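Here is the structure we will look at, set down as C-alpha cells.
We did not get these values from a lab; they are worked out from the coordinates using the rules stated. Remember, predicted model here, so these are calculated numbers, not experimental data. Cβ: placed from backbone, ideal geometry, glycine included. Neighbour counts: every protein chain shown.
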Amino acid sequence: MTGLVHDPAGGHVDSQPPVTGRIAGIDLARSIAILGMFAAHVGPDPQVGGVVGAMMYASHGRASILFATLAGLSLALATGGAHTAGQAVPAVLRRRTVVRAGIIFAFGAGLTMWGTAIPVILAYYGVLFVIALPFLRLRPTTNFAIAAVLALLTPMASIVFRQPAVIASFTAAERFDPLARLGGDSLTNLILTGGYPVLTWTPFIIAGIALGRLELRRPAARLALAVGGAGAAVLAYSTAWIATGIVHGPVVVPMDESNPTTGSPGGLRWSSLFNAEEHTGTPFEIVGGIGTAIVVIALCTSIAIRIPRLVAPLVAMGSMSLTVYVVHLIAIEAMGMAAHDRDNRAALPGESVLNLSVFAAVAVGAAWVWNRYCDRGPLEECIHRATRLVRSSGEPS
C-alpha cells in the first residue's frame, strides 16, 4: 500500500529537493508485506503447527507493521530521501502529501462503508500521513529517538484512555461523528480502538521516516540497520517472553474492530503491557515489529541489488501495492472467503494453503505483466495524477 507515496518519477523545480530514484529493494519489501498480508487473511491458521503454522504466526501483525514502516519510509523518499535530512520540506511536497492522505483516507472509508469483513488500514494511513508531516524535517537519529519514546508511552496512554470511565465519553460522542453514522471508522476507532489505532501506530511511520532519510544504497548502512533491527527485535521479544512468564502470561485484548471499546477487564491491566502478540499495541510488540521491519527492509534492499532479475516479479507487485491491497479485499469479499475461512482455516489447512498460493501467484503474475506496459498500478496512477495537480508557485500550470 505504500507504493502510492514513493513517486520519484515526477520532475522538480528549483524550490524542491532532489527526489530519490526508486529503490527496487523497497518494492521488494512491500511485496513481502503483501505476501504476509495474504497469509494473514487467507492462509492457514497458525494453530495448525509445524513449519506452516510458524510461518503463518510470523506474518500475523508483523506484515501490517512492515507496511506502516514502509509508508513512513516512502514519505521520506518522496520528499527528498537522505538529501533532505534535517531540512524543511517545501510547501508543495507537504501539500501533495496531504492530497495523498485525503485520497487514501477516502479509499479506506469507502471500503469500510462497503462492509469488508477484514479491517481496512487505508483510513488509518490517511491520518498517519498527516501526523507525519512535522517529522519529515527532523534528522534520522531524532526520529528514531521519538519513535522509541512513543513506543513506550503510547501503549500506556492507550490503556488509560480505554478505561471504561474515559472511553464511555468517546463512545457517546460517536453519534455526532459523520463517518460513524455513515458506517465508516469512527474517530474513536481510528485513534484508539480500531485494528490499526493511530495512537500506537505512529511510532511505525516515524521510524520509517528515519529509515528513508538514510543512505540505504550504502552496504555499510544496510548492515548496521540489519544488525540494529535484529538486536531490537530479539531484545523486545525475548524480554516479553520472560516477562509474561513471570506474571503468568497476561493477555491483552487485541485493539481490533471485534473489540470496539474496552474488551474484557483483563485487557486493561497494566501487566498486559508485557505482551508482544500481534495487534496488542504494547511496547514490546512495537519495538519488536519495528526491528523486524528494519531487518526485512535492509535484506530486501541488498537482495534486489544482487539478483534484480530474479526478484523482478516480486518488485513489480510491490510497486503497485495499493492496487493489490484493494483488489485482494474486493476478491475476498466477492468470493465470500472471509466468513468461510473463519470457520475452516484451522480445520482445513490444505484448502487455506491453496487459497494463499492462488492469491500470491495471481497477484505476482498480474503485476509483472502490468508492469511491463505501465510504470504504475491503476490506483497508483490515479494518485500520481491527482498530486501532480498540486504545483509550486514556480511551476507552469
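Look at His41, His384 and count the other Cβ atoms within 10 Å of each Cβ; fewest to most, that gives His384, His41. Rounded, prolate or oblate: which fits the stretch 105-205, taking a ≥ b ≥ c as square roots of the Cα gyration tensor eigenvalues, rounded meaning a/c under 1.5, else prolate when a/b beats b/c? Oblate, since a/c reaches 1.5 and b/c is not below a/b. Taking amide H atoms as placed 1.01 Å from N in the peptide plane, the amide H of Arg139 lies under 5 Å from those of Gly86, each 5 or more residues away in sequence or on another chain. Would the stretch 29-122 count as rounded, prolate or oblate if I go by the C-alpha gyration tensor, calling it rounded below 1.5 in a/c and otherwise prolate when a/b exceeds b/c, oblate otherwise? Oblate shape, in that a/c is at least 1.5 and b/c is the bigger or equal ratio. 3J(HN,Hα) couplings calculated from phi for the stretch 295-302 with the Karplus curve 6.51 cos²θ - 1.76 cosθ + 1.60 (θ = phi - 60°) are, in sequence order, 4, 4, 5, 5, 5, 5, 5, 5 Hz; Gly and Pro show x.
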